[in-house]
Amino acid sequence: MKKPVILTVDDDRQVLGAIERDLRKQYRDRYRILSAASPQEALEATRQLKARGTPVALFLVDQRMPAMTGTELLNEVRKLYPDAKKVLLTAYADTQAAISAINEVGLNHYLMKPWDPPEEKLYPVLDDLLSDWSARARPPYEGVRVAGSRWSPQSYTARDFLARNQIPYQWIDIDTDAPTRELVMSTAGDLSRLPVVLFPDGSYLIAPSNPQLAEKVGLQTQATRPFYDLVIIGGGPAGLASAVYGASEGLRTLLIEQNAPGGQAGTSSLIENYLGFPSGVTGSDLAQRATAQAKRFGTELLVGHSVTEVRREDPYRIVRLSNGMEVSCHALIIATGLAVRELSVQGIEPLLGAGVYYGAAPTEATLYRGQDVCVVGGANSAGQAALFLSRHARMVTMAIRAASLEASMSQYLIDRIKATSNVEVLTQVEVTAVCGQQHLERIDLHRLDTNETASREMAALFIFIGVAPHTKAFGTFLKTDDKGFIFTGADLRQAGHQWPLDRDPLLFETSVPGVFAVGDVRAGANRRIAAAVGEGSAAVFSVHQYLRTV
């Protein structure tokens, strides 16, 4: 734990040296003693301490200083440290100012100069104040802190990125934390550039992008070599399985993931039908285990940058990233999975991240404790989200277009939803509008059977209305069906594609030899986590077969 600070301020360097000497003699074993020779220097030091998350126990400030009095300085620093004790050093002529400061800035004490001997005139007063401060002080959080607004979409994005990448952090809502709000104002200049992410070393990022955040928290964002035996695009269950088996079998393997390992499965609150986990497993836990396993075998994992282009330069396959970096490989596996389909209704764009969310990130669930929320969608992911949210929300409303859940949801989830008292299912309805000023306030629900529309007050809307393949970066490079899913193996010839080699396409091989597709992005895939893991594992066998030909 960081030592709490005692900060003393005086423009007279001789006096400053004397008080610093006496403070160190008595308190240096328990406190860090800092000094400043001007109010401006003291203010800057206080802001840096706040940015580092360092506690300040006491300010000991001279009253008579040029440009700013001690009372004025204390009024500024208490905005950042309202619980710190405040003491003025005064001459006899400044006594009235010190008395006035008791009401003006909540002054705890004032001391007359000189304070000799300190054993009688200084230490007893400070001992009492520091003892009282210590009894009330809470240990500071010493990790990454995200300071932002609950209704800031950028703040939500940063929290979600850190959480999904298993980076511990403390969330500070500046709408309810005045000292941190003051720090953000002085750091960012205004409250439109959120969040401010604060690091233990005192550095910070203002409204960072995911790549900036990834680099700062120590995630790998650059490849260590220009060439790999195997490159995998996508870190969902299929991509992670390919990484584990590829690296464990001696292939120099690189996995590229734009957001966080786990993919859509990584956001699942509980996966109950995955083999070997009779009590279920969270998506984040499964992703963490698989990531650790892949790294253990030597897989390099790049996080934060998207793939913008894939091209063929025989015998190599080239992958270009959004930061301009390129890596080459002999074999490429595409495991980019699916993206949540967007809900196109009136009023939705301004409220994304401010009450309207795609998916159901665990980071958001606790923010809606005791409130009403809505889940749109009727597949397994929507059911899992509704059950998870029901632990926190007062009522979870599921809105589905179908006449029942049976058509798209596993029976075990249907049974659990029916048994959960604070989950209601509205069938044959669709969301037609979302409304709110700075955050979601209500939604309009239209009944398909009666053609009636009604408004409901909702604190949050979580959207699971279907998915589309993540193939934008290579949709023209590879043969896909009319929905964008990638043809592989025997399906290539059935779809009428002319295969360029004498041999047949290998299992999971795409229209470009040496490029494979696995998991949900593949045409005809069985979209279950276990199936994706199986395909990712089996594809490595095809990779070995291909590598024997190059």
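The values are calculated or read from the model by the stated rules, or taken from the named source; none is laboratory data. No experiment lies behind these values; they were computed from the predicted model shown. Heads up, the Cβs are rebuilt from the backbone with ideal geometry, glycines too, and the neighbour counts pull from every protein chain shown. We work out accessible area using only protein heavy atoms, side chains counted, and drop any ligands, DNA or RNA first. Shrake-Rupley method; radii C 1.70, N 1.55, O 1.52, S 1.80 Å.
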Since ASP127 meets every condition but one in (1) in a helix (DSSP H, G or I); (2) surrounded by 13 or more Cβ atoms within 10 Å (Cβ to Cβ); (3) at pLDDT 95 or above, which condition does it not meet?
(2)
Given the structure, is HIS544 touching a residue at least 24 places away in the same chain (Cβ under 8 Å) and either polar (S, T, N, Q) or not in a strand (DSSP E or B) (or both)?
yes
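Look at PRO118 and say whether it is in contact with an Asp or Glu (Cβ under 9 Å, 6 or more places away or on another chain) and either of a type in the set (Val, Ile, Thr) or open to solvent by less than 50 Å² (accessible area, probe 1.4 Å) (or both).
Values: in contact with an Asp or Glu (Cβ under 9 Å, 6 or more places away or on another chain): yes; either of a type in the set (Val, Ile, Thr) or open to solvent by less than 50 Å² (accessible area, probe 1.4 Å) (or both): yes.
For PRO118, the condition - in contact with an Asp or Glu (Cβ under 9 Å, 6 or more places away or on another chain) and either of a type in the set (Val, Ile, Thr) or open to solvent by less than 50 Å² (accessible area, probe 1.4 Å) (or both) - is met.
Can you name the residue in the stretch 310-328 that is assigned to a loop (DSSP other than H, G, I, E, B) and of a type in the set (Gly, Ala, Ser) and, of all such residues, is least open to solvent (accessible area, probe 1.4 Å)?
We begin by selecting, within the stretch 310-328, every residue assigned to a loop (DSSP other than H, G, I, E, B); these are 314-315, 322-325.
In the following step, the residues that additionally are of a type in the set (Gly, Ala, Ser) were identified as 322, 324.
On the way: SER322: 63, GLY324: 34 Å².
This residue is GLY324.
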Has the stretch 518-540 got any residue that is under 24 Å from GLY250 (Cα atoms), in contact with an Asp or Glu (Cβ under 8 Å, 6 or more places away or on another chain), hydroxyl-bearing (Ser, Thr, Tyr) and outside any loop (DSSP other than H, G, I, E, B)?
no
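Return yes or no: is ALA147 of a type in the set (Gly, Ala, Ser) and open to solvent by 30 Å² or more (accessible area, probe 1.4 Å)? Spell out the reasoning first.
Numbers: of a type in the set (Gly, Ala, Ser): yes; open to solvent by 30 Å² or more (accessible area, probe 1.4 Å): no.
Against the criterion (of a type in the set (Gly, Ala, Ser) and open to solvent by 30 Å² or more (accessible area, probe 1.4 Å)), ALA147 does not qualify.
When only residues in the stretch 211-232 that are of a type in the set (Val, Ile, Thr) and touching a Gly at 6+ places or on another chain (Cβ under 7 Å) count, which is farthest from GLY519 (Cα to Cα)?
Of the residues in the stretch 211-232, the ones of a type in the set (Val, Ile, Thr) are 217, 221, 224, 231-232.
Filter once more, keeping what is touching a Gly at 6+ places or on another chain (Cβ under 7 Å): 221, 232.
Numbers: THR221: 24, ILE232: 12 Å.
Once the filter is applied, the top-ranked residue is THR221.
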Is there a residue in the stretch 188-201 that is at pLDDT 90 or above, over 30 Å from GLN288 (Cα atoms) and open to solvent by 50 Å² or more (accessible area, probe 1.4 Å)?
yes
Right, GLN154: in contact (Cβ under 8 Å) with a residue 24 or more places away in the chain, farther than 17 Å from LEU80 by Cα and part of a strand (DSSP E or B) or not?
no
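Of the residues ALA433, ALA402, ALA460, which single one is of a type in the set (Gly, Ala, Ser) and open to solvent by 30 Å² or more (accessible area, probe 1.4 Å)?
Numbers: ALA433 fails: open to solvent by 30 Å² or more (accessible area, probe 1.4 Å); ALA460 fails: open to solvent by 30 Å² or more (accessible area, probe 1.4 Å).
So the residue among ALA433, ALA402, ALA460 that is of a type in the set (Gly, Ala, Ser) and open to solvent by 30 Å² or more (accessible area, probe 1.4 Å) is ALA402.
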Do you know which residues across the stretch 256-275 are in contact with a Gly (Cβ under 6 Å, 6 or more places away or on another chain) and modelled with pLDDT of 95 or more?
GLU257
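Out of all the residues in the stretch 436-457, which are farther than 30 Å from GLN154 by Cα and either open to solvent by less than 30 Å² (accessible area, probe 1.4 Å) or part of a strand (DSSP E or B) (or both)?
If the condition is that a residue be farther than 30 Å from GLN154 by Cα and either open to solvent by less than 30 Å² (accessible area, probe 1.4 Å) or part of a strand (DSSP E or B) (or both), then HIS446, ARG447, THR453, ALA454 are the ones that fit.
Applying the selection to the stretch 476-486, what residues are open to solvent by 30 Å² or more (accessible area, probe 1.4 Å) and closer than 19 Å to GLU309 by Cα? Give the derivation first.
Filtering the stretch 476-486 down to residues open to solvent by 30 Å² or more (accessible area, probe 1.4 Å) leaves 476-477, 479-483.
Selection gives THR476, PHE477, LYS479, THR480.
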Here is a list of conditions, (1) open to solvent by 10 Å² or more (accessible area, probe 1.4 Å); (2) at pLDDT 90 or above; (3) hydrophobic (A, V, I, L, M, F, W, C); (4) not in a strand (DSSP E or B), and VAL425 meets all of them except one; can you say which number that is?
(4)
Can you tell me which of (1) open to solvent by less than 50 Å² (accessible area, probe 1.4 Å); (2) within 29 Å of VAL184 (Cα to Cα) is the one ARG52 doesn't meet?
(1)
Restricting to the stretch 219-250, count the residues that are over 21 Å from SER268 (Cα atoms), in a loop (DSSP other than H, G, I, E, B) and touching a helix residue (DSSP H, G or I) at 6+ places or on another chain (Cβ under 7 Å).
2
How about the stretch 472-507: which of its residues are within 20 Å of GLY534 (Cβ to Cβ), touching a residue at least 40 places away in the same chain (Cβ under 8 Å) and outside any strand (DSSP E or B)?
PHE485, LEU506
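Only residues that are part of a loop (DSSP other than H, G, I, E, B) and open to solvent by 40 Å² or more (accessible area, probe 1.4 Å): list them for the stretch 329-373, please.
ARG341, GLU342, SER344, ARG369, GLY370, GLN371
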Quick one: SER100 ticks every box in (1) of a type outside the set (D, E, K, R); (2) in contact with a Pro (Cβ under 9 Å, 6 or more places away or on another chain); (3) part of a helix (DSSP H, G or I) except a single one, so which number is it?
(2)
